[in-house]
Structures are given as structure tokens and as C-alpha cells.
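Colleague: Structure provided below as C-alpha cells; questions to follow.
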Amino acid sequence: MSKGNNEYFKRHRAGVLIAALLITAGCMTVRFELAPSGTIPASMPERPITKSPYYGKLVANYGKGEVYERTQIMYLLNETRNSPHKFNRNGITYSAGTTADHLFKKYRQRYDRILTAQSFIDDIASISTQSGKPYLALPGDGLAYETGPMLQHELDRLNRFMDEKFGKTVHPIRQRVNEAGKV
């Protein structure tokens, strides 16, 4: 290593080490413009629901109240994990896998209070409890999209698919929880 490179490293060692740690941890800071609230990316992939590893459990648990709702939550976590997007939480960008791990950890901490997929979206996957800022998805088009509407879109798509498959539109646990005022 030349003397010039060595001096540069000595002067900037802290910055180089922090950058290396952030890259190793799978996170980095990215600049973006916030998309209008409630919008989802035009490039948002819609993978076939039947290809999800949770499809069989969704079918087996359809109409079984809380068990079905919790299966839907696991489906949403799996969709997050397999997303091609990066995610931003409190100003730091994370991989889809790291984001799904974080959301799962929050879900486990509040398991007894999160009774529906809707409450998962509203109370766990949309807003940081640390800062109160919305979680953002970064699809690479220069815009940042709030994760709440994206997950809501996916949940609505799943519900339409399952309702068409079974010819039903009543979700007893959501109705019961809504009537109790917990959602």
C-alpha cells in the first residue's frame, strides 16, 4: 500500500469502518422522494397466491377465525420477505429479509393484542413505534411508498382470491373484533 493510500485510510478510518458495518448489516442510508400517501408502486409484483408456501395453510384454515387471521399475517410477512424492494425504517434502509424479521419480532412481542391481519398492518407494519414515522418501501423508482397501503393492497387481493375460491365474503373474527371496538 502506498504512503498516500495509507494516510487517506488513517484520516478516514472511522467513515470507512462505519460504511463497512452498514453494508455488512444489510442497511444503508438512501435519498428518495416520498410518493403521495396511499399510493402503491406501479411496479409492485403480484405473485400468484397459489405459489405462496402459506397457500395450503390459508386454504385449510379459511373460515377458522383467529387461526386464519394469523395465517394471513404469516402470508404478509412472507410476501415482505420475498419482496424485491428495499425498506426504510427511521431513516435507514434495510433488505426485505431484515424488514420481515423486524416485523415478525414486533408481532411476537404483541401477539396477544394482534388478532387480525388488519391490526397487524395498522399496528405493526405501518409505523415505527420508536419514531412514529411510517415505514417506507423503496422499489427503485426514486420514490418511497408507505408500507401500510402496500400491505393493505396485498391483504385485499388475498381476501378477494380466497372469497372467490370459497364463495364467501364474511370474515367472522374481523366482524367480532370490529364490533368489540378493538380494531
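Colleague: By average Cβ neighbour count within 10 Å, what is the ranking of 107-113, 129-135 from highest down? Show your work: numbers first, answer last.
Modeller: Working: 107-113: 11.4, 129-135: 13.1.
In descending order of packing, they fall as 129-135, 107-113.
Colleague: Okay, moving on. Pick out, in residue order, every one of the trypsin sites (Lys or Arg not before Pro) in segment 43-94 that is DSSP loop and has at most 15 other C-beta atoms within 10 Å; say none if there are none.
Modeller: Details: sites: 51, 57, 64, 70, 81, 86, 89; in loops: 64.
The qualifying sites are 64.
Each reported figure results from applying straightforward, stated rules to the coordinates on display, with no laboratory input. Since the model is a prediction, treat every value here as computed from it, not as a measurement. Every residue, glycine as well, gets a Cβ built from its backbone with ideal geometry; the counts of neighbours run over all protein chains shown.
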